[in-house]
């Protein structure tokens, strides 16, 4: 008979983890869209992934084949990004490709839509991490909240275009309580 005291186990956090746009185009220093604290966001995402095993989806921002409407002006400004979805710049970073990933591609900033909704199911919680806090994470969070989804944004698993933009986006997101809550990885993991 063992005298070891059993360790308390923490139940996995509820919901679906959506890792937003952790792609080379936002990671590489020579990219016009480089996110300075990308590596810190990767570290936060890697801490979250084990707790969301089988309940994580990765999104990718990809250029449309033919930009329409206001997107034409956007790609006039950023012509380097008009690449096919299989282009290197749209690939997930190596640090997050150690196994098969559930992917959702979209040519929009916000990734909330039928594909994420189907993965989440009804009455679920959406946990967001990724880049950039001030663009694609923000757009995804607000659209999901409008759809009635409880959204948690893992502040220390996100990165913005710069520190000031990251902080401002987190402040704006926190104004949407209780629909959107800005939290830490430790809070999500219950540590």
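The values are calculated or read from the model by the stated rules, or taken from the named source; none is laboratory data. As the structure is a prediction and not an experimental result, all values here were calculated from the model. Heads up, the Cβs are rebuilt from the backbone with ideal geometry, glycines too, and the neighbour counts pull from every protein chain shown.
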I'm trying to understand the selection: among the residues of region 138-173, which are touching a strand residue (DSSP E or B) at 6+ places or on another chain (Cβ under 9 Å), surrounded by fewer than 23 Cβ atoms within 10 Å (Cβ to Cβ) and either modelled with pLDDT under 95 or in a loop (DSSP other than H, G, I, E, B) (or both)? 149, 161
Taking the conditions exactly as written (assigned to a strand (DSSP E or B), within 13 Å of the chain's Cα centre (by Cα) and within 17 Å of residue 153 (Cβ to Cβ)), does residue 45 satisfy them or not? no
For residue 109, all conditions in the list (1) buried (at least 24 other Cβ atoms within 10 Å of the Cβ); (2) more than 18 Å from residue 42 (Cα to Cα) hold save one; what is the number of the exception? (1)
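Take region 108-123 and flag every residue that is part of a loop (DSSP other than H, G, I, E, B) and in contact with a helix residue (DSSP H, G or I) (Cβ under 9 Å, 6 or more places away or on another chain). Spell out how you get there, then give the answer.
Within region 108-123, the subset part of a loop (DSSP other than H, G, I, E, B) is 108-113, 121-123.
Of everything in region 108-123, those that are part of a loop (DSSP other than H, G, I, E, B) and in contact with a helix residue (DSSP H, G or I) (Cβ under 9 Å, 6 or more places away or on another chain) turn out to be 108, 109, 110, 111, 112, 113.
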Looking only at region 174-191, and only at residues there that are part of a loop (DSSP other than H, G, I, E, B) and modelled with pLDDT of 95 or more, the one that is farthest from residue 114 (Cα to Cα): 184
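Out of curiosity, is residue 49 surrounded by 13 or more Cβ atoms within 10 Å (Cβ to Cβ) and either more than 30 Å from residue 13 (Cβ to Cβ) or in contact (Cβ under 8 Å) with a residue 60 or more places away in the chain (or both)?
Taking the combined requirement at face value, the residue does not satisfy it.
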Modelled with pLDDT under 95 and either touching a strand residue (DSSP E or B) at 6+ places or on another chain (Cβ under 7 Å) or farther than 20 Å from residue 34 by Cα (or both), is that true of residue 121? yes
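Before we move on, is residue 83 surrounded by 15 or more Cβ atoms within 10 Å (Cβ to Cβ) and touching a helix residue (DSSP H, G or I) at 6+ places or on another chain (Cβ under 7 Å)?
no
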Within region 82-102, count every residue that is in contact with a strand residue (DSSP E or B) (Cβ under 9 Å, 6 or more places away or on another chain), modelled with pLDDT of 95 or more and either under 19 Å from residue 46 (Cα atoms) or not in a loop (DSSP other than H, G, I, E, B) (or both). 5
Selection within region 54-80 - in contact with a helix residue (DSSP H, G or I) (Cβ under 8 Å, 6 or more places away or on another chain), part of a loop (DSSP other than H, G, I, E, B) and closer than 22 Å to residue 158 by Cβ: 62
Condition met for residue 51 (out of contact with any strand residue (DSSP E or B) (no Cβ under 6 Å at 6 or more places or on another chain), assigned to a helix (DSSP H, G or I) and on the phi < 0 side of the Ramachandran plot): yes
The condition from (1) at pLDDT 95 or above; (2) farther than 22 Å from residue 133 by Cβ; (3) part of a loop (DSSP other than H, G, I, E, B) that residue 32 misses is numbered (2)
